[in-house]
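Worksheet: one structure, shown below.
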Amino acid sequence: MGTIREPAVAGMFYPLSEKKLRDEIKVLFDLTKSKDVLNNVVGIVSPHAGYVYSGKTAAFAFNAVSNKNYNTIIIISPSHREYFPGVSVYDGDAYRTPLGIVPVNKEMRSKLIEGSKIIFQGIQGHRAEHAVEVQLPFLQMIYNDFDFLPIVMGDQRKLFIDELVNKLAAVIDDKTLVVASSDLSHFYSKETAYMLDSIVEKHINEFNYDGLETDLESGKCEACGGGAIVAMMKAADLLKKKNSKVLSRSDSGDVTGDHSEVVGYLSAAIY
């Protein structure tokens, strides 16, 4: 297979054992089944904390696309561990999780980086980053055969978002799903987090990516992968997919019982 990115957070963010991982995700899917059917889903928002904290919220999004067929999944995440100017598309051949190997779509990668000085092929942002990795086991549970494109944004300012938007819109087709990996506010009281995260939820439900981008830039709300969400929504708009729905929202205090400093989570679908 060539260069394989080995799991960095297995055994920490999610179980290292294949059986335990499958069992845990199956329980999460069973808990989040919905009768709502969303057609022509082009993208989802999914949180990226440890499964014990945000797994249930994430499962709502993956359940919403579990009956669809996609050939390629584009995962866009922020970079938590290293800053770099630009957008890094993994330069290797595949990612591995305890559930197996997921190959990189090299043809799509070439199209995405072609002619861009901002989007490049590299290892930056992929070494120990968890925000791409934690999405893969959910996808491996619902799709038997798919490839993917792991994208990490080292800088989420408007310049970098807009470059990514135009490139995404050119490569996405009906067999492509985009996953925007993002948590919401970090380490506020539950009450403050609720107010901040409600702003993100409102903008997504109203398909108001301009308002979301403005409020993220001004600090009126927070999302560590806000640029990924905005880029996905803008690209969806160019593809005439202009409906959005928040599927679940929670925070870490719902699990820990500690409401003094929480992290917010949200899942949504763009269709």
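The values are calculated or read from the model by the stated rules, or taken from the named source; none is laboratory data. Since this is a predicted model, take the numbers as computed values, not measurements. Cβ placement follows ideal geometry from the backbone for every residue including glycine, while neighbour counts extend to all protein chains displayed.
Annotations
- Looking across the stretch 122-131, just one residue is crowded, with 24+ Cβ neighbours inside 10 Å and in a helix (DSSP H, G or I), and that is Ala131.
Conditions tested, residue by residue: (1) part of a helix (DSSP H, G or I); (2) closer than 26 Å to Gly226 by Cβ; (3) in contact with a Phe, Trp or Tyr (Cβ under 9 Å, 6 or more places away or on another chain); (4) not basic (Lys, Arg).
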| residue | (1), (2), (3), (4) |
| --- | --- |
| Ser110 | yes, no, no, yes |
| Pro137 | yes, yes, yes, yes |
| Leu149 | no, yes, yes, yes |
| Val152 | no, yes, yes, yes |
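- Which listed residue is in contact (Cβ under 8 Å) with a residue 12 or more places away in the chain and touching a Cys at 6+ places or on another chain (Cβ under 7 Å), from Asp237, Asp215: Asp215
- Residue match in the stretch 52-59 (condition: within 13 Å of the chain's Cα centre (by Cα), at pLDDT 95 or above, over 24 Å from Arg127 (Cα atoms) and polar (S, T, N, Q)): yes
- Any hit, the stretch 109-126, residues being under 18 Å from the mean Cα position of the chain (by Cα) and on the phi > 0 side of the Ramachandran plot: yes
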